[in-house]
């Protein structure tokens, strides 16, 4: 139908109740708006700035919650993996394996994900050019898997800021469908506190620009209580604001598709 | 009416015939689409990379052509100034004085422009943050002139590239209406040849993102024969493509305004 | 003799007494260390972030103080110019005309400086590549003046930081002798306050790296009381620390020259 | 004695003969110059741009060659690891475990390296600030290992270039001894070919600046035939040039230490 798809959910799976609660709300909204929806949740957080940051509730426990979300709401799910062994394990529970931006140059990891036959979502490294993602895509397709998606999540701009270069979206669409990760694109890394900052007020700005340039999908982390989320609270979208924003974006998409 | 306005024309005034020919076409299109229109043309080019680049046909001669365009088509005009004395001279012929991005930190120039009482268009320096433009705006308003507009034209990204940070547009709208200069934002400066490069295929991408985030105006240089334009040919929009693009943008604007 | 030369003095000429006091101290130190020395002082500050920043004591008054310093201590002097008319005026009083980094793309200004026959010091724009400075040098030499020097003063790195790319120094030495402006390279522009910040503790680090890679000269602003200097206080070197630093640099230079 | 130490060797262990040949030469030079020396070689290459790039001769085979170098020449060795299981394996054969720049945010990997009790060399991510490396160091020390070293290897500057910010060296010395990786700092990533470029002519420039600002160690990849090296040939130092360069650096170090 030409509609954009949505990858959304909390940053990390903190527990079953919170996952189901967020999924239910998102399923209701996306059903109503006819947006193809994939539930997102990390089963572990392996690349935190600080050793004392939250890193997960247990791998299998979190993966089973992802599976439960999928069964209960009949939606596909996506999670990120960090070492090659994660690939086969996660593939038992989820539909899309995501390669974190910091790890997208790790050939073994990308190939392990590709070999599961699941869709692979490659996040563009904050240190990579849009053009250089063609090599990452090739690692997936050369492994015999044509199901590959790319995600833009900003590029380093000095030490403490990320910028989204919208020129890169049509460039990367030459290689695979492109998702814009709106919430991580607004991060401000390397803050003195060791906790990544963010600018959530700009979520709507970034998302609208993405739809206008024709992204295939959007990625937005959300929580009913961002201030108390166990990771990335600084740049999530408040769950209550999701429906209004998506409604606007669907209308924008309609015009973009028809011009 | 909520419509965006357009600043458009050739880079430099190369002669009367070319200026009138471009203006006529743009006036026809913008009348049809009800886009408030300002004709743009530089009366001299003072900041070329190379000493042998084209620098103009003579200041007064070019300014008189701008005036003729204004009278013939009943449209306001804009030109850029480079030294304080230019301000009073140009103000006799045009309606908007534009401060080039490289010069926006020159207090004497900004104040001279402000004191003419004409609208001042301050281009954000490629080396400035959106927030720092508040100081430039204050130099105009402290000079007793409230007619000030800001223009985004990209920020240095490494040595040979510019990136448009769309987060800066709502930031700068806190200080003044904001124009997106689509064509210069696509420049690739500091090329080995001494001639600035560009990526004109991305003009539509950049413009759509701008409309989506709510810019107040667009700036696009155009020429009926970009390959033979005497400056900035590498990133102008072919004049024949203008109507289609503006038609799409008007439709996009309508949705953005109503959501 | 292979010694590096030094351009040093206060940022702005605030008055005769302060200029003579700083010059006397610097002349004594550089005589002792046999460092060729040029007294530096701005006769006006035309590119301040804020309209209420100090902009000078009067052009001719400041230029006459520069001349007095030159006569009293038998040293050449350097000052920066901002519009083409400044060139001939300043050339009556000083030996080196400096083009500010923001203005180095202004052809009329560079050519006006070149035509005075004085040595021209072109500061690399914060938005320019080392290679692109070859075009700026050519504007001077094509005007019949072979006395040209280049100064590195850092390149934009994100919105609020500058970085010195030492690779650029040998690159620019292909075009002209290269000076490293240590103190401005440590600026942190676009701070929220509208007052440029700095990191003076790193002055010695930057200067040593410059000598090690073989710069021809150093530029360092200094003041006996940086905290009360009327501009750029945040990144000047305390005058009392100058002798120790230069002594170390002279010893370093000696080894660099002999290896 | 205040001498800097050297980590040097080929990029990848391509075979026993080449490893021994390079080690012998480097041991001879560093013995003569009294430079503490660590032989470097990667036992696998896991983060190549392209899937068809060389990735190694077999993990254990390469590790055994590292061990043989160590035994034959009585020098410590360093290799890089890519997944947590690599840590215990490599620790059986080498003395220093190096965390690649792309992977320095992977907590599990850093902790696994720390727990072996071996010295951990953390390379600063191309996407990290010097200050943010304090968190990476803390992950090692909180794991009960105080043997940690940091390595600067450049920071992303636009899409296709890296810049070394020498200000970061004293900053990082607040956390641990700092090594400058001269050869990787000269890489130019994300080239269209999928093969990282480089500027080997600048190796001496970068190294001298590092010594001048007081680095604790240098890292330089070398090969007797860089053009035929199986990885990173574009920016290695020709082995025949090593002795002259180190001789100059030792003399420079002497002055830096005594001023």
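A short reminder: the numbers here are calculations on the coordinates, not readings from a lab. Given the structure is predicted, the values throughout are model-derived calculations rather than measurements. Cβ coordinates were reconstructed from backbone atoms using ideal geometry, including for glycine residues, and neighbour counts include every protein chain displayed.
Can you work out D for the stretch A:5-257 in µm² s⁻¹ from Stokes-Einstein, where Rh is the Kirkwood radius over C-alpha pairs, the temperature is 37 °C and the viscosity is 0.692 mPa s?
In µm²/s, the coefficient rounds to 183.
For chain D, what's the relative contact order in percent, using C-alpha pairs closer than 8 Å and at least 6 residues apart?
17 percent
Which FRET efficiency value, to the nearest 0.05, is calculated for residue A:174 and residue A:254 with the Förster distance at 25 angstrom and r the Cβ-Cβ distance?
Step by step, r from the Cβ atoms, then E = 0.50.
Between residue D:33 and residue C:28, what FRET efficiency comes out of the Förster formula 1/(1 + (r/R0)^6) with R0 = 25 Å and r the beta carbon distance, rounded to 0.05?
0.05
At residue D:147 and residue A:146, where each label point lies 7 Å from the Cα along Cα→Cβ, what is the point-to-point distance in nanometres?
A separation of 5.2 nm, rounded to one decimal place.
Please report the projected area of the stretch C:146-225's Cα convex hull averaged over all directions, in nm².
6.4 nm²
At each listed q (0.13, 0.21, 0.28 Å⁻¹), what is the log10 of I(q)/I(0) that the Debye formula gives for the stretch B:1-52 modelled as equal alpha-carbon point scatterers?
For the stretch B:1-52 at q = 0.13, 0.21, 0.28 Å⁻¹, log10 I(q)/I(0) is -0.40, -0.77, -1.06.
Any chance you could run the full-extension gain for residue D:20 through residue D:238? It's 0.36 nm times the residue separation minus the Cα-Cα distance, nm to one decimal. The partial results should precede the final answer.
Working: separation 218, 0.36 × 218 = 78.48 nm, distance 1.62 nm.
Stretched fully, the residue D:20-residue D:238 segment lengthens by 76.9 nm.
Need one number: nm distance between label points at residue D:224 and residue A:3, each 7 Å from Cα along Cα→Cβ, rounded to one decimal.
For residue D:224 paired with residue A:3, the spin-label model returns 6.6 nm.
Taking each residue in A:150-163, count the Cβ atoms of any other chain within 10 Å of its Cβ, then average. What number comes out? Before the final figure, lay out each step's value.
Values: counts 0, 0, 0, 0, 0, 6, 10, 9, 12, 15, 7, 7, 4, 10.
Average neighbour count from other chains, rounded to a whole number: 6.
To confirm my reading of the symmetry, which residue of chain A has the Cβ nearest the axis that brings A onto C, and what whole-Å distance does it have?
A:158, 1
So the label point sits 7 Å from Cα along the Cα-to-Cβ vector; using that for residue D:54, what distances do you get to the other copies, in nanometres, sorted shortest first?
Label-point separations across copies, in nm and ascending: 4.6, 5.2, 6.1.
Relative contact order of the stretch A:1-130: what whole-number percent is it, with Cα pairs under 8 angstrom and at least 6 residues apart?
19 percent
Along each principal axis of its Cα atoms, how long is the stretch B:93-140 end to end? Whole angstroms, biggest number first, please.
Per principal axis, max minus min of the Cα coordinates gives 31, 16, 15 Å.
Taking a label point 7 Å out from Cα toward Cβ, give me the nm distances from residue A:15 to the same spot in the other copies, shortest first, one decimal.
So the label point of residue A:15 gives 6.1, 6.9, 7.9 nm to the other copies.
Apply 1/(1 + (r/R0)^6) to the Cβ-Cβ distance of residue C:88 and residue C:68, taking R0 = 30 Å, and write down the FRET efficiency to the nearest 0.05.
Values: r = 20 Å, r/R0 = 0.67.
After rounding to 0.05, the efficiency reads 0.90.
Return an integer: the convex hull volume of the alpha-carbon atoms of the protein assembly as shown, in Å³ per residue.
Cα-based convex hull of the protein assembly as shown, divided per residue, equals 157 Å³.
Stokes-Einstein D for the stretch C:51-132 at 4 °C, 1.567 mPa s, Kirkwood Rh over Cα pairs, in µm²/s?
96 µm²/s
Placing the label point 7 Å from Cα along the Cα-to-Cβ direction, what are the distances from residue C:243 to the equivalent spots in the other copies, shortest first, in nm to one decimal?
4.5, 7.7, 7.9
What is the distance in Å between the Cα centres of the stretch D:198-234 and the stretch C:203-226?
So the two Cα centres are separated by 25 Å.
What ranking of C:240, B:80, C:142 emerges when the number of other C-beta atoms within 10 Å of each C-beta is taken as an exposure proxy, fewest first?
Starting with the residue having the fewest Cβ neighbours, the order is C:240, C:142, B:80.
Arranged by the count of other C-beta atoms within 10 angstrom, fewest first, what order do C:52, C:216 take?
With the fewest neighbours first, C:52, C:216 line up as C:52, C:216.
Using only atoms on other chains, find how many Cβ atoms lie within 10 Å of each Cβ of peptide D:120-129 and report the average.
Neighbouring Cβ atoms belonging to other protein chains average 4 per residue here.
How big is the Rg/Rh ratio for the stretch A:1-151, C-alpha atoms only, Rh by Kirkwood, two decimals?
Over the Cα atoms of the stretch A:1-151, Rg/Rh equals 0.96.
Assuming a viscosity of 1.306 mPa s and a temperature of 10 °C, what translational diffusion coefficient in µm² per second does Stokes-Einstein assign to the stretch B:209-253, Rh being the Kirkwood radius over Cα pairs?
Rounded to a whole number, D works out at 137 µm²/s.
How far is the Cα center of the stretch D:160-175 from the Cα center of the stretch D:87-101, in Å?
24 Å
Could you work out how far apart the two model spin labels at residue D:54 and residue B:61 are, taking each label as a point 7 Å from the Cα in the direction of the beta carbon, and quote it in nm?
Simple spin-label model gives 6.3 nm for this pair.
Which of A:169, A:81 has the fewest other C-beta atoms within 10 Å, and how do the rest follow up to the most?
Fewest-to-most Cβ neighbours within 10 Å comes out as A:169, A:81.
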